[in-house]
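Asker: Following this message is one structure expressed as structure tokens.
The values are calculated or read from the model by the stated rules, or taken from the named source; none is laboratory data. Just so you know, these numbers come straight off a predicted model, no measurement behind them. Backbone-built Cβ (ideal geometry, glycine too); neighbour counts: all protein chains shown. Side chains are part of the model used for accessible areas, which takes the heavy atoms of the whole protein and leaves out ligands, DNA and RNA. Shrake-Rupley method; radii C 1.70, N 1.55, O 1.52, S 1.80 Å.
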Amino acid sequence: MTTRRQLLAAGASAFAITVTIGGVHAADKFKLGFIYPSPVGDVGWAHELDEGRRKVAEKFGDQVEIVTAENIPEGPDAARTMNQMIADGAKFLMIGSFGYMNDGVKLAKEHPEVSFINASGYKLAPNFGNFQTRNYETAYIAGLAAGYVTQSRVLGVVAAYPIPEVIGIINAFTLGAQKTNPDVTVKVVWLNSWFDPNKSQEAARSLVAAQADVLFSLYQDTPEVVALADELGVYSISTSSDMSKHAPKKYLMGMGIDWAPHFIDMVGQAMAGNFKGASYWGGMKDGAVRVASLTPNLTPEQKKVTDDAVAAITAGTFHPLTGPVVDQDGNEKLAAGVVISDGDMASINWLVKGVETRIPQ
């Protein structure tokens, strides 16, 4: 694997060449670029994206060459990194942040020979697709469990950006908690960052000071919130990875993700020359998301409720955002029995009743 430092120093290293046995002909390796918005640690968003890359490398072996760039800020740095990878011969880019979308789409139009997949975005082009997981499904299960274990009936969320994906997760989490504990309220601290250990700790402390006894680390690509929650004696939930090893005493649940099948599929299409930009939204049904390390502190009856919800979501017989659902101002958003559409879920810009914090304007 090539690091970002090696990538930026490797100006002249275009394709690596491999020769078939017997020297009949030479073939270029298919070059792939993976760009992450935060460092690749032992857990978290970038870690799971990189696990997908690792499985791609295992699958395609010597057919591919992979370069990676981690901790790349959204904006000019990301655009430069994408350009450098393309200049060095990359024919496929996995750009791992919502904020990479606009620069990625622009480059995709300029380089129709390069295939792109963008995490959490919504724009499409013939050679530009997007991908995300139905994390609202596992968030609902986390909410069920949080409703059972809370004593204060106050839940705290340390959230990254107020984008639709994050808003949808908060809504599903809140609805799950209200299912098992109708009196719960949810407080949110918006960090406007995917990776800021200091700010995430400050936010966690402020939420505990506001009586939250369950903390949801929502797209914080660091175990800081989880570890601090354990230290402070409150339960925690993590996004993207199982972070139970960072909270041996009071870990509530992790929201596991597996990107490997989708990444392998997309790379295979690009290598075969039949890549088409499309939207992918993987859920429990296809194993893209899972419940990880659910606390053993639930009663058998409570555990059955969470298990039954997982089974219903996996079978497609239940959706966490099923009406009646009202927003913070009491406006009906989903009538009784109505299930939110994927399109509305992907653009959701309202929070459900019970969330006390507003969406920043």
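Asker: Do we find a residue being over 20 Å from G273 (Cβ atoms), open to solvent by 30 Å² or more (accessible area, probe 1.4 Å) and either modelled with pLDDT of 50 or more or not polar (S, T, N, Q) (or both) anywhere in segment 25-34? Before the answer, list the steps.
Answerer: Here is the first cut: in segment 25-34, the residues over 20 Å from G273 (Cβ atoms) are 34.
Remaining after also requiring open to solvent by 30 Å² or more (accessible area, probe 1.4 Å): none.
No, segment 25-34 contains no residue that is over 20 Å from G273 (Cβ atoms), open to solvent by 30 Å² or more (accessible area, probe 1.4 Å) and either modelled with pLDDT of 50 or more or not polar (S, T, N, Q) (or both).
Asker: Across segment 51-61, what is the number of residues that are in contact with a strand residue (DSSP E or B) (Cβ under 7 Å, 6 or more places away or on another chain) and under 24 Å from L218 (Cβ atoms)?
Answerer: 1
Asker: For D230, work out the one condition from (1) open to solvent by 20 Å² or more (accessible area, probe 1.4 Å); (2) charged (D, E, K, R); (3) outside any loop (DSSP other than H, G, I, E, B) it doesn't fulfil.
Answerer: The number of the failed condition is (1).
Asker: I117 is checked against (1) assigned to a strand (DSSP E or B); (2) open to solvent by 10 Å² or more (accessible area, probe 1.4 Å) and fails just one. What number does that condition carry?
Answerer: (2)
Asker: Determine whether segment 135-146 contains at least one residue that is at pLDDT 95 or above, assigned to a helix (DSSP H, G or I), open to solvent by 10 Å² or more (accessible area, probe 1.4 Å) and acidic (D, E).
Answerer: yes
Asker: Within segment 292-309, restricting attention to residues that are of a type in the set (V, I, T) and out of contact with any strand residue (DSSP E or B) (no Cβ under 6 Å at 6 or more places or on another chain), which residue is nearest to A260 (Cα to Cα)?
Answerer: T306
Asker: Any residue at all in segment 148-158 that's out of contact with any Gly (no Cβ under 7 Å at 6 or more places or on another chain), part of a helix (DSSP H, G or I), among the aromatic types (F, W, Y) and open to solvent by 20 Å² or more (accessible area, probe 1.4 Å)?
Answerer: So far as segment 148-158 goes, yes, one or more of its residues are out of contact with any Gly (no Cβ under 7 Å at 6 or more places or on another chain), part of a helix (DSSP H, G or I), among the aromatic types (F, W, Y) and open to solvent by 20 Å² or more (accessible area, probe 1.4 Å).
Asker: Residue check: is S241 farther than 22 Å from V43 by Cα and modelled with pLDDT under 95?
Answerer: no
Asker: State all residues of segment 336-361 that are open to solvent by 40 Å² or more (accessible area, probe 1.4 Å) and among the small types (G, A, S); if no residue qualifies, say none.
Answerer: Within segment 336-361, A336, G337, S341, G343, A346, S347 qualify.
Per-residue answers, yes or no, for (1) at pLDDT below 95; (2) acidic (D, E); (3) more than 28 Å from V105 (Cβ to Cβ):
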| residue | (1), (2), (3) |
| --- | --- |
| Y251 | no, no, yes |
| H262 | no, no, no |
| M266 | no, no, no |
| Q269 | no, no, no |
| F275 | no, no, no |
| S279 | yes, no, no |
| G287 | yes, no, yes |
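Asker: Still on this structure, please answer the following. If you go through segment 162-189, how many residues are in contact with a Ser or Thr (Cβ under 8 Å, 6 or more places away or on another chain) and within 21 Å of L321 (Cβ to Cβ)?
Answerer: Looking only at segment 162-189, we keep the residues that are in contact with a Ser or Thr (Cβ under 8 Å, 6 or more places away or on another chain), and these are 163-165, 169, 177, 181, 184, 186-189.
Now restrict to residues that are within 21 Å of L321 (Cβ to Cβ): 163-165, 169, 177, 181, 184, 186-188.
Residues flagged as in contact with a Ser or Thr (Cβ under 8 Å, 6 or more places away or on another chain) and within 21 Å of L321 (Cβ to Cβ) within segment 162-189 amount to 10.
Asker: Now, a different point. Starting from residues that are surrounded by fewer than 24 Cβ atoms within 10 Å (Cβ to Cβ) and over 18 Å from the mean Cα position of the chain (by Cα), keep the ones in segment 209-227 and report whichever is nearest to I169 (Cα to Cα).
Answerer: Step by step, filter segment 209-227, then rank; the result is D213.
Asker: Scanning for something in contact with a Leu (Cβ under 7 Å, 6 or more places away or on another chain) and part of a helix (DSSP H, G or I), does segment 267-274 turn up at least one residue?
Answerer: So far as segment 267-274 goes, yes, one or more of its residues are in contact with a Leu (Cβ under 7 Å, 6 or more places away or on another chain) and part of a helix (DSSP H, G or I).
Asker: Go through the residues of segment 170-188 one by one and say whether even a single one is at pLDDT 95 or above, among the basic types (K, R) and either open to solvent by less than 10 Å² (accessible area, probe 1.4 Å) or outside any strand (DSSP E or B) (or both).
Answerer: The answer is yes; a qualifying residue exists.
Asker: Then there is this: Kindly list the number of the only condition in (1) assigned to a helix (DSSP H, G or I); (2) more than 27 Å from G129 (Cα to Cα) that fails for I264.
Answerer: (2)
Asker: Take the residues in segment 189-208 that are of a type in the set (S, T, N, Q) and not in a helix (DSSP H, G or I), then tell me which one is least open to solvent (accessible area, probe 1.4 Å).
Answerer: Here the residue is S193.
Per-residue answers, yes or no, for (1) open to solvent by less than 70 Å² (accessible area, probe 1.4 Å); (2) under 22 Å from the mean Cα position of the chain (by Cα); (3) in contact (Cβ under 8 Å) with a residue 12 or more places away in the chain; (4) more than 29 Å from Y235 (Cα to Cα):
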residue	(1), (2), (3), (4)
N274	no, no, no, yes
M284	yes, yes, yes, no
A292	yes, yes, yes, no
P300	no, no, no, no
K303	no, no, no, no
T306	yes, yes, yes, no
L321	yes, yes, yes, no
E332	no, no, no, yes
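Asker: Which of the residues that make up segment 261-270 are open to solvent by less than 60 Å² (accessible area, probe 1.4 Å), of a type outside the set (V, I, T) and over 19 Å from T314 (Cα atoms)?
Answerer: If the condition is that a residue be open to solvent by less than 60 Å² (accessible area, probe 1.4 Å), of a type outside the set (V, I, T) and over 19 Å from T314 (Cα atoms), then F263, M266, G268, Q269, A270 are the ones that fit.
Asker: For E137, work out the one condition from (1) in contact with a Ser or Thr (Cβ under 8 Å, 6 or more places away or on another chain); (2) closer than 30 Å to N181 by Cβ; (3) among the acidic types (D, E) it doesn't fulfil.
Answerer: All conditions pass for E137, except number (1).
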